[in-house]
Amino acid sequence: MNTRVDHGNSVTQSLAQIGACGLFLLRILAAIPLSLRHVRETVRQLWFVGAMSLTIIMVCGLFVGMVLGLQLYHVLAIFGGTSASGSVVALAIYRELGPVVTALLFAGRAGTSMTAEIGLMRATDQIAAMEMMAVDPIAYVATPRFLAGLIAMPLLCCVFCAMGIFGGHLVGVNWLGVDNGTFWSNMTSSVDVWQDVINGVIWKSTAFGAVVSLIAVFQGYTTPPTSEGVAYATTRTVVASSIAILSLDFVLTAFLM
Amino acid sequence: MTDAVHAKPDDRTLVRIRGLTTVLNGKTVFNALDLDIPRGKVTAIMGPSGTGKTTLLKHITGQMRGDAGEVRVDGLNVSELARDELFALRERIGYLFQNSALLTDFDVFENVAFPLRQHTKLPEVLIRNIVLTKLQAVGLRGAAPLLPSELSGGMARRVALARAIVFDPMLILYDEPFVGLDPIALNQVLKLIRTLNETLGITSVLVAHELEAIKHVADHIYLIANGKIVAQGDPNTIASDGSSWTRQVLGGEADGPVPFQYPAGDYAQALGFKQGAA
């Protein structure tokens, strides 16, 4: 009986969190005009969450592409279809792996730091100090970070995809001997710019960027101002972002296809 | 000495609190509190820890709202103000936080310049001059390029003070301004509070425990305990007051109307020296 009650409570709390997160999104969007006064802060955050994430995105993209090229080559070799490895690598990366893995990496690298930073700002009264200086912390702290995530994610995803295809090429062509011309021509003939690049890379990663940034900023902004609270909020950012990314990926794929 | 405030409203009152009742987590912090802060004076709020002194400052600035009663600042009912109106009021209020609350991403100069950059379009030269003037006043002009992490607690507090006065506000609220200051800095801060009050006519509200320091600077003291004002008057009156409240709070006695021990069960029983111990 108690278990049932606890489950009920946790479901209610989860729904309340989602509702609060939705209202928080409205506050962030409403603060966009005001946050345009803080363009420098948005650019600073873009540098922090975007440029500073480049290394991990490039390295991971390279290795994902390399392992994909390696696995696909051996599977396709069974059917004598290794020449298709270029197109399969590209489609897998553009449609799914690029946006999803970039978003997961972004949540781990940039999302957690956003949560921890805002949580510590709250714990050390910096948010309250802004309120006392008549500066709206939503416009100065939350919205610039949200916008930075929204802008950075598609760009990072493009970099990830480029590095992934480069990795697939490195393994398939340079190492395993797939013909260079076949690799590229099969890829260009099978990849549709609208379906795969615009829908797969741009729209998906923009949606993931919005979701991850929203969760990260919300968790940081609403965390209890204690070290334990910040730690839990950081963990919740990763867990909630991962679940949101993967479930949203299914929904977006179903609609975009 | 009176047990309640009977001040009549007049134009000389900048902050007027009437019937303020606040209950937090089931505990009554303020019970129909009446309190007046006169314009152009330095008023000190004293009382035992946890009695709601900082909470009172939060009510004055609209960070918190009471369950009943009203708080008026310069004639404005704080709890009824819209967000824009509240922010407009806060631009005229300086607030010194207990833990300084400096923005850790910015250096000392930028921390002090922050309100100016947010609310004015002053030329950079003027911003620089204002900031350096304020930093000079708190003795930290040379620390302008340092980050908050490079400052001691006392220095951080002085930077926060420079930031609080950067707009020459009508009202400054100091939350524990003397904690962590060495004797030299303490003396300078006391002088600064007095100077700001005398030269610019800034109204100051101090929340502090240090009676000796307060004596040098405050015009009026309120002693708060158990959600209401238990004593008030000028520093000499308060210091010579013989009531049990003032004796205990200012004399630091463990026994008196304010219990030192948090409510708990029988001590001997808790230690297992009596039957029925858990």
Fill in: residue A:195-residue B:117 pseudo-label distance in nm [points 7 Å out on the Cα-to-Cβ vector]
5.0 nm
Practice prompt. Please report A:14, A:242 as a ranked list, fewest other C-beta atoms within 10 angstrom at the top and most at the bottom.
Written response: A:14, A:242
Worksheet item: What list of whole percents do you get for P(r) of chain A, with Cα-Cα distances grouped in 5 Å bins up to the one holding the largest distance?
Response: 1, 7, 12, 15, 16, 13, 11, 8, 7, 5, 4, 2, 0, 0
Worksheet item: Counting each DSSP H run of 4 or more residues in chain A as -39500 (n - 2.57), what helix-only mean residue ellipticity at 222 nm follows after dividing by all residues, to the nearest 500 deg cm²/dmol?
Response: -25000 deg cm²/dmol
Worksheet item: So what is the orientation-averaged projected area of region A:29-143, using the convex hull of its C-alpha atoms, in nm²?
Response: 9.0 nm²
Worksheet item: For the residues B:37, B:45, what sequence is obtained by ranking on other C-beta atoms within 10 Å, fewest first?
Response: B:37, B:45
Worksheet item: Quick one: Kirkwood hydrodynamic radius for the protein assembly as shown, alpha-carbon pairs, angstrom, one decimal?
Response: 27.1 Å
Practice prompt. Would you mind getting the Kirkwood hydrodynamic radius of chain B from its Cα pairs, rounded to one decimal in Å?
Written response: 20.1 Å
Worksheet entry | Radius 12 Å from Cβ of residue A:111, net charge of other residues (Lys, Arg +1; Asp, Glu -1) | +2
Response to the item:
The summed charge of the residue B:159 Cβ neighbourhood (under 13 Å; Lys/Arg +1, Asp/Glu -1) stands at +2
Worksheet, complete the sentence: Sorted by chain and then number, the residues having a modelled amide H within less than 5 Å of the amide H of residue B:206, at least 5 places away or on another chain, are B:43, B:44, B:45, B:174
Worksheet item: Counting Lys and Arg as +1 and Asp and Glu as -1, what is the net charge of the other residues whose Cβ lies under 13 Å from the Cβ of residue B:198?
Response: +2
Worksheet item: When only C-alpha pairs under 8 Å and at least 6 residues apart count, what is the relative contact order of chain A, in percent?
Response: 32 percent
Worksheet item: Karplus couplings for region B:220-226 from phi (6.51 cos²θ - 1.76 cosθ + 1.60, θ = phi - 60°), rounded to Hz, Gly and Pro as x?
Response: 8, 10, 10, 10, 10, 7, 6
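For region B:128-192, compute the orientation-averaged projected area of the C-alpha convex hull (one quarter of its surface), in nm².
Its Cα hull, projected and averaged over all orientations, spans 4.4 nm².
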Discussion item. In the protein assembly as shown, if the dipole is taken from +1 on Lys/Arg beta carbons and -1 on Asp/Glu beta carbons about the Cα centre, which of B:188, B:66, B:22 is farthest to the positive end?
Written reply: B:188
Worksheet, complete the sentence: Rounded to the nearest 500, the 222 nm mean residue ellipticity computed for chain B from DSSP H runs (n ≥ 4, each -39500 (n - 2.57)) alone is -10000 deg cm²/dmol
Worksheet item: Taking trypsin sites (Lys or Arg not before Pro) that fall in a DSSP loop and have at most 15 other Cβ atoms within 10 Å as cut points, what is the longest piece of chain B between them?
Response: B:122-273
Fill in: Rel. contact order, % - alpha carbon contacts under 8 angstrom, at least six apart, chain B
24 percent
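Here, each number is a calculation from the coordinates, and none is a lab measurement. All of these numbers come straight from a predicted model, not from anything done at the bench. We place every Cβ from the backbone using ideal geometry, glycine too, and count neighbours over all the protein chains shown.
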